[in-house]
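Readers should treat all values here as calculations from the given coordinates under stated rules, not as data from a laboratory. If you're wondering where the values come from, they're calculated on a predicted model, not measured in any experiment. With ideal geometry, Cβ positions are generated from the backbone for all residues, glycine too; neighbour counts draw on all protein chains shown.
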Amino acid sequence: MTRTAIKFGLFVVVCTSLTLWLAFTIGNIEINDPLGRDNFTLEAAFDDVQGLLMNDEVKIAGVEVGKVTGIRVDDGRAVVTFQVDSRYEDQLSVDTEAAVRWRNLIGQRFLYLLPPTAGVVTTDQTLQDGDRICDAEGSSDECETDSVADLGLLFNRLGPIVETVDESQVNQFLETITGALEGNTDRVGQALTDLAAVSESLATRDDSISRLIENINTVAGTITARDQQIRTMLDNLVLLSQTFSANTELIDRALAEFGSFSTDLSTLVETNREELDRIIANLDVTVADTVIPRLRVLDEALSNLDETSRAIFGAGRNGEWLNQTILCAATTAPPCPTPIVTGLRGTAAAGPPSHDERVDALAGLVLGPAAGGAP
C-alpha cells in the first residue's frame, strides 16, 4: 500500500510539472515573473498587422524583450499592445520606432522595436507605462511605424508577368548557364574574387567617384545652359556637311590635283636635290660665318633704328627745308645782334612750303601712327 501511494504521488508530481510546463510554454509566461509584474505596457499603431498574433515576440536588436498582449482597431488603424521587460525601459526613448517583421516563410510575424540609431537618445525622456510609440510627449515628427509587407499583393502583381514566361525557354536558359559553369568552378570563383576586389577598390574611391559625378552634373548643367549655342553649332555642322555634299566633285578634283601637285613637287625636289643641298649648305655657312658674329652689331642697329628714324623724319618732314636749332652767340644783351636770314639768295621767304602728306605716310609706315601728323 505504501509503495503504491509513493508511485501515485510521483505520477501526480510528474503530470503536474508537465502540465505547468506546457501552460507556461503555451502562454509564454516567464517562470521568474509569472504575473508580469516586472514588465511595462506600451502601444503602437500600424496600418496593417496581418499575421501578428497574441503572445508573439517583441524584440530589440534580435533579443526578445517582451510579448504582444493585445491587438485592436482604433480609428481605422491596428493598435498593438505589448509588454516589455522593465530592464530595457531606459533604452526606449520617445523617438523609438516600431515595425512588424517576418519571423518565417509560413507567415508568422513578430514586433520589432528600433531605438534611435546607435543607441543615441534624442531626448531625455523615455517611454513610460501606457505610452503609445510616436505619440508620447517629446517625440519627433520623423518617428513612425512600419507595417508588415503584403507579399500576397506582390505575388498577385507578379502573376501576369510569370504567366508570360515560357517554361521551355527558362529551362534552356538554365541548362545553358549550367553548361557554362560546369568545369569552370575555379574560373568562376576567380571572377567573383576579382569582382570583389573591383568593388572594394571602387568603395575606396567613393570620394573621387562622387566628385566625378558632381563634375559631370556641372558639365551637363553648362551644356543645358548653352543649349541654343550648341543647337546653332550643330546647324552649322549640318550646313557644312551639306556644302561638302553639294561640292563632292569639286573636292574630288581638288584632291586629285593636290595629288598631282604633290607628285610634281616630289619630282622637282628629287631632281634638284643636289642644288638644294648646296644652297642649304651655303646658307648654313653664311649664317654661321657672317650673321652670327655680327648679331650684336645688328641688335644695336635695330635698337637705334627707331630713334634714328624719328630724328631723320623730324628734320626733313617739311620737304626741302631742314628743321634745325641754331644758337646765337653774342657778348651783348639780347636780342641777338646777328640778323636772322629768312630768305635764300636775297629772296624773302614766305615760310616753309606746304607740308607733304607723303612724308607723314612714310613716317607712319616706319615709326608707327605716333610719328605722323602736321608739323
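Label positions at VAL238 and THR193, each projected 7 Å from the Cα along the C-beta direction, are separated by 5.6 nm.
The label point for ARG226 and the one for ALA311, both projected 7 Å from the Cα toward the Cβ, are 5.4 nm apart.
Estimated from the Cβ-Cβ distance and a Förster radius of 35 angstrom, the FRET efficiency linking GLN125 and LEU53 is about 0.70.
The range 155-217 and the range 274-307 have Cα centres lying 73 Å from one another. Full extension of the chain segment joining GLU163 with ILE251 gains 25.6 nm, where the gain is 0.36 nm per residue of separation less the Cα-Cα distance. Judged by the mean number of other Cβ atoms found within 10 Å, the most tightly packed of the peptides 99-105, 47-53, 275-281 leads the ranking 47-53, 99-105, 275-281.
Fewest first, what order do THR286, THR69 take by the number of other Cβ atoms within 10 Å?
On the way: THR286 11, THR69 19.
The most exposed by this proxy come first: THR286, THR69.
Length gained on full extension, GLU300 to THR81: 68.4 nm, using 0.36 nm per residue less the C-alpha separation. Amide hydrogen proximity for GLN125: with H placed 1.01 Å from N in the peptide plane, the residues at 5 or more positions away or on another chain lying under 5 Å are VAL94. Exposure proxy for SER17, SER309: other Cβ atoms within 10 Å of each Cβ, ordered fewest to most, give SER17, SER309. A simple rule links phi to the HN-Hα coupling: the Karplus curve 6.51 cos²θ - 1.76 cosθ + 1.60 with θ = phi - 60°, which for the range 291-298 gives 6, 4, x, 10, 4, 5, 5, 5 Hz, with x for Gly and Pro.
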